Number of protein chains: 2
Amino acid sequence: MGATAEHDVEQLRARLNDYMAKHGLRSTEQRRLVTEMFFATSEHLSIEDLLDRVRIEEPKIGYATVYRTLKLLKECGLAFERHFGDGVSRYEVAWQDEHHDHLICIECEKIIEFEDDAIEELQHNVASGLGFKLVRHKLELYGVCADCQAKAQD
Amino acid sequence: MGATAEHDVEQLRARLNDYMAKHGLRSTEQRRLVTEMFFATSEHLSIEDLLDRVRIEEPKIGYATVYRTLKLLKECGLAFERHFGDGVSRYEVAWQDEHHDHLICIECEKIIEFEDDAIEELQHNVASGLGFKLVRHKLELYGVCADCQAKAQD
DNA sequence: TTAGGTGCAAACGTTTTGCAACTTG
DNA sequence: CAAGTTGCAAAACGTTTGCACCTAA
């Protein structure tokens, strides 16, 4: 709801250009369109979702280009790939200053993002207790949201 | 390492028979073989893994039967489906008295299971703080295990 | 000019399904 | 016997790839 933090898209562009320059990759019309479209969303988009949006502006863009572009964004750490049970990969912008986990309603499929430092700290404890150096984690909570609990009361 | 808890396979059989009776499903030779084979493992098996094992005893069993049987086990809550990044679904016995999360080494792919009550409690807090009734969760920690850290020092 | 990118369609690997033959209750 | 189950092969699904043509640098 409301004011999403003012994320720094400019910084994402810079990081992408940097990566592309370093790897001899080119900035094409399609790549720009797909990445800008992606950076402009705050949701968890499937390839198909993104393709649909991109095609509003440029109907000739193909599946493969979107796949390849998101693969690129994944590689340079600007997108995260998520899997929520159905067979589809969803992608999310990797804002550098932000980490969050997901709370998913099993009735209406609503997805809420959250962060909890206490949980993160415990995760580090668990990992180091087992000899691991923790690099990243994935936490998904599944439950019934307030709305759906209310509905179920009928 | 060593002594896995004495899990109650008998109870799984009972729950399965119960579910099958309630739904007018039948106990066939193949179904029994696949489920027994599955209940007897403690690993995260792919369909292919399980099929290979089952075919040692009964070479004529087909992919579809194993898929269908695991779908059944999922439905009645006796198996969990897991996705660890590669495109393959893996299955794990849902021992009723046990819940654990996963710690995965990103170098050698080793998977360690763990439980942490403190984390679980915080998860409940987070969920209810956002109005959710928590039903289940998935927590995966990715890092580098002690062995691989040692190897990296060379 | 040339390495890299695109769009298409075909290939891929996993999972699901339609169907005729076969079991189970 | 009726309804559920099997094995097969074909279909479906999301994703990746080969290739001829195009385009940024």
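Just so it is clear, none of the values below were taken in a lab; they were calculated from the coordinates. Since we're looking at a predicted model, the values are computed, not measured. Quick reminder, even Gly has a Cβ in these numbers, built from the backbone with ideal geometry, and neighbours come from all protein chains shown.
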> Rounded, prolate or oblate: which fits chain A, taking a ≥ b ≥ c as square roots of the Cα gyration tensor eigenvalues, rounded meaning a/c under 1.5, else prolate when a/b beats b/c?
Replying inline: oblate
> Shape of region B:3-93 from its Cα gyration tensor (a ≥ b ≥ c, root eigenvalues): rounded if a/c is under 1.5, otherwise prolate when a/b > b/c, or oblate?
Replying inline: rounded
>> Using the Karplus curve 6.51 cos²θ - 1.76 cosθ + 1.60 with θ = phi - 60°, what ³J(HN,Hα) values do you get for each residue of region B:65-81, in whole Hz, with x for Gly and Pro?
In response: 4, 5, 4, 5, 5, 5, 4, 4, 4, 4, 4, 8, x, 9, 9, 10, 9
>> Give me the one-decimal Kirkwood hydrodynamic radius in Å for the protein assembly as shown, with the sum taken over alpha-carbon pairs.
In response: 22.4
> Cross-link partners among lysines for residue B:110, C-alpha distance below 19 Å, same-chain residues fewer than 8 apart left out?
Replying inline: A:133, A:138, B:138, B:151
>> Averaged over its residues, how many other protein chain Cβ atoms are within 10 Å of peptide A:116-126's Cβ atoms?
In response: 5
> Any idea how far the Cα center of region B:101-154 sits from the one of region B:29-73, in Å?
Replying inline: 28
> Averaged over B:98-111, how many beta carbons belonging to a partner chain fall within 10 Å of each residue's beta carbon?
Replying inline: 2
>> How shielded is B:79-92 by partner chains, expressed as the average number of their Cβ atoms within 10 Å of its Cβ atoms?
In response: 1
> By average Cβ neighbour count within 10 Å, what is the ranking of B:89-95, A:21-27, A:75-81 from highest down?
Replying inline: B:89-95, A:75-81, A:21-27
>> Output the 0 to 90 degree angle, nearest 10, between the alpha-carbon long axis of helix A:117-129 and the longest principal axis computed from the alpha carbons of chain A.
In response: 90
>> Can you list the copy-to-copy distances for residue A:115, using a point 7 angstrom from Cα toward Cβ, in nanometres, shortest first?
In response: 3.2
